[in-house]
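The values are calculated or read from the model by the stated rules, or taken from the named source; none is laboratory data. Because the structure is predicted, anything quoted here is derived from the model rather than measured. Glycine also receives a Cβ, built like all others from the backbone with ideal geometry; neighbour counts cover every protein chain displayed.
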Amino acid sequence: MASSYKIEDFFKIEKIGEGTYGVVYKGRNKKTGELVAMKKIRLENEDEGIPSTALREMSLLKELHHKNIVTLLEVIMDEPRLYLIFEFLCMDLKKYLDKIETGKLMDPKLVKSYLYQINEAILFCHQRRIIHRDLKPQNLLISKDGLIKVADFGLGRTFGIPVRVYTHEVVTLWYRAPEVLLGAPRYSCPVDVWSVGCIFAEMATRKPLFQGDSEIDQLFRIFRVLRTPTEEIWKGVSTLPEYKAIFPNWTGYTLAKQVKALDEDGIDLLSKMLIYDPSKRISAKAVVSHPYFKNLDLKVKPVIIEKDNAFSKIYCDNYLTLFNGISNRI
């Protein structure tokens, strides 16, 4: 990915994060005045060259040009350093949710708009045979214009047919699909849809839907709400490596009680995104045409951003989480 820029064309304003393989700076393009995030990757001690997760991030983002996906602007070699220059976005969805006044919920119109935008980005990826695999509120960044953008493709993978065997150590526990938790040797796009469903519920309630503190606790929290899966509910579940016949048998389906803020169409869509059987789970393509979006308004903006377009420095620490994630999870 050749660049017409040199690192001297960028001014470092301040350090905003540090990870296993590098440092992240808030910076400015001297030519355009544009704010950027500068990820400096250390190569001095890398016997095998550039870290694999950084290479994966670069290769995937070069293919993904979409308004709801964070933009990789430049890749600059300045030996013995490599710089990834990203657009600068200084708030993530988790911080936005945390900033909402106590006792209040996210505007339902904004929930709908953000779900649609996130799904558009994931559909764009899936159509290009890319699975994100690490969707969570911290990886969803909000622009000064109020757009929400998917970031952190450090765990992303292209998939083929047949779908390859992937590592199970992906996705923050709370957003991890049941097929991954149960050790399925193959998985694909439905894992992202499950994660987006969990994020949908969290936007509506301001609380994570399934807050497990271990893999088994995560499974049981899912089972308590969606009932324990059986062969009738999910054909083949009993053959998965981590499935146990001694699992407690929860039989109640209480999703609507957990997400009371959603209307009937919202609950219907969420229930389809959280279907156990990946082959029956709604696809990102089908999500677009669901009746929940019949009154979609993409012009609605976050109130906090309208109050503070400059983005206070308090939000900038999300880049520590974001860019650490690119480099240190595989």
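Does at least one position in the stretch 157-167 carry a residue that is in a loop (DSSP other than H, G, I, E, B), at pLDDT 90 or above and surrounded by fewer than 24 Cβ atoms within 10 Å (Cβ to Cβ)?
Taking every residue of the stretch 157-167 in turn, none turns out to be in a loop (DSSP other than H, G, I, E, B), at pLDDT 90 or above and surrounded by fewer than 24 Cβ atoms within 10 Å (Cβ to Cβ).
Leu182 versus (1) buried (at least 19 other Cβ atoms within 10 Å of the Cβ); (2) touching a helix residue (DSSP H, G or I) at 6+ places or on another chain (Cβ under 6 Å); (3) aliphatic (A, V, I, L, M): which is the lone unmet condition?
All conditions pass for Leu182, except number (2).
At pLDDT 75 or above and within 22 Å of the chain's Cα centre (by Cα), is that true of Tyr96?
Yes.
For the stretch 213-231, how many residues meet the condition of being over 23 Å from the mean Cα position of the chain (by Cα) and among the acidic types (Asp, Glu)?
The number of residues fulfilling the criteria is 1.
All but one of (1) modelled with pLDDT under 95; (2) surrounded by 15 or more Cβ atoms within 10 Å (Cβ to Cβ); (3) not small (Gly, Ala, Ser) hold for Thr102; which doesn't?
(2)
Consider Val288 carefully, then state whether it is among the β-branched types (Val, Ile, Thr), in contact (Cβ under 8 Å) with a residue 60 or more places away in the chain and buried (at least 21 other Cβ atoms within 10 Å of the Cβ).
Considered against the rule, which asks whether it is among the β-branched types (Val, Ile, Thr), in contact (Cβ under 8 Å) with a residue 60 or more places away in the chain and buried (at least 21 other Cβ atoms within 10 Å of the Cβ), Val288 comes out as no.
Residue-wise test of (1) surrounded by 15 or more Cβ atoms within 10 Å (Cβ to Cβ); (2) outside the structural domain of Ser143 (by TED's automatic domain parsing); (3) modelled with pLDDT under 95; (4) more than 17 Å from Lys12 (Cβ to Cβ).
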position	(1), (2), (3), (4)
Pro80	no, yes, yes, yes
Met106	yes, no, no, yes
Lys112	yes, no, no, yes
Gln117	yes, no, no, yes
Glu120	yes, no, no, yes
Cys125	yes, no, yes, yes
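List every residue pair whose Cβ atoms sit under 7 Å apart, with the two residues 6 or more apart in sequence or on different chains, where the first one lies in the stretch 75-88 and is among the acidic types (Asp, Glu) and the second, anywhere, is surrounded by 15 or more Cβ atoms within 10 Å (Cβ to Cβ).
Asp78/Ile7; Glu87/Val36; Glu87/Val70; Glu87/Thr71; Glu87/Leu73
Is it true that Leu135 is assigned to a loop (DSSP other than H, G, I, E, B) and either outside the structural domain of Val191 (by TED's automatic domain parsing) or not hydroxyl-bearing (Ser, Thr, Tyr) (or both)?
yes
Among the residues of the stretch 286-299, is there at least one that is of a type in the set (Asp, Glu), modelled with pLDDT under 95 and within 19 Å of Leu93 (Cβ to Cβ)?
no
What number of residues in the stretch 58-114 are part of a loop (DSSP other than H, G, I, E, B), of a type outside the set (A, V, I, L, M), more than 23 Å from Leu296 (Cα to Cα) and in contact with a strand residue (DSSP E or B) (Cβ under 7 Å, 6 or more places away or on another chain)?
Matching residues across the stretch 58-114 total 2.
Do you know which residues across the stretch 239-286 are over 25 Å from the mean Cα position of the chain (by Cα) and of a type in the set (S, T, N, Q)?
Scanning the stretch 239-286 gives Thr239, Asn249, Thr251, Thr254.
Testing Trp250 on (1) under 24 Å from Ile122 (Cα atoms); (2) surrounded by 13 or more Cβ atoms within 10 Å (Cβ to Cβ), one condition comes back false. Which one is that?
With (1) under 24 Å from Ile122 (Cα atoms); (2) surrounded by 13 or more Cβ atoms within 10 Å (Cβ to Cβ) applied to Trp250, the lone miss is (1).
Please work out which residue is modelled with the highest pLDDT, limiting yourself to the stretch 1-18 and to residues that are within 25 Å of the chain's Cα centre (by Cα) and surrounded by fewer than 20 Cβ atoms within 10 Å (Cβ to Cβ).
Restricting to residues being within 25 Å of the chain's Cα centre (by Cα) and surrounded by fewer than 20 Cβ atoms within 10 Å (Cβ to Cβ), the top hit is Lys15.
For the stretch 213-232: of the residues being hydrophobic (A, V, I, L, M, F, W, C) and surrounded by 15 or more Cβ atoms within 10 Å (Cβ to Cβ), which is farthest from Pro178 (Cα to Cα)?
Selected residue: Val225.
Hey, could you check the stretch 197-212 for residues that are surrounded by fewer than 22 Cβ atoms within 10 Å (Cβ to Cβ) and in contact (Cβ under 8 Å) with a residue 12 or more places away in the chain and say which is nearest to the chain's Cα centre (by Cα)?
Pro208
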